[in-house]
Amino acid sequence: MNSQTAGLRVAGLIFGCICLGHLWRLLAHVDVQLGQYHVPMAFSVVALLVMGALSIWLLLLSKR
């Protein structure tokens with residue numbers, strides 16, 4: 001395994017963990033507030049889809 005393959009796997013796993021965090025926020029209905037700004041749940045839906053897609057893509061690339 002070369003360093004590029006390892007890098008793709010690590011990045012894919014990091015994106016996967018972030019994806020799971022957003023999934024947890026959606027399932028547990030956790031409110032997030034940054035200063036005076038309330039972060040809507042729609043943000044986590046979009047982030048879940050983007051992070052999940054990036055994770056799958058990078059993990060598939062690492063297997064080639």
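Values as computed for the structure displayed
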| item | result |
| --- | --- |
| Long-range neighbours under 6 Å by Cβ, at least six apart or interchain, first residue within 12 Å of residue 49 (Cα to Cα) within region 12-23, second of a type outside the set (A, V, I, L, M) | 15/55; 16/55; 19/52; 19/55; 22/44 |
| Single unsatisfied condition, residue 30 versus (1) outside any helix (DSSP H, G or I); (2) in contact with a strand residue (DSSP E or B) (Cβ under 9 Å, 6 or more places away or on another chain) | (2) |
| Tally of residues being among the aromatic types (Phe, Trp, Tyr) and under 15 Å from the mean Cα position of the chain (by Cα) across region 27-57 | 2 |
| Criterion violated by residue 5 - all others in (1) surrounded by 12 or more Cβ atoms within 10 Å (Cβ to Cβ); (2) modelled with pLDDT of 95 or more; (3) not hydrophobic (A, V, I, L, M, F, W, C) satisfied | (2) |
| Residue satisfying all of: in region 15-64; surrounded by fewer than 16 Cβ atoms within 10 Å (Cβ to Cβ) and closer than 26 Å to residue 2 by Cβ; modelled with the lowest pLDDT among these | 64 |
| Residue match in region 11-20 (condition: more than 15 Å from the chain's Cα centre (by Cα), in a helix (DSSP H, G or I) and not hydroxyl-bearing (Ser, Thr, Tyr)) | no |
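The values are calculated or read from the model by the stated rules, or taken from the named source; none is laboratory data. Everything numeric here is computed off the predicted structure, so don't read it as measured data. We place every Cβ from the backbone using ideal geometry, glycine too, and count neighbours over all the protein chains shown.
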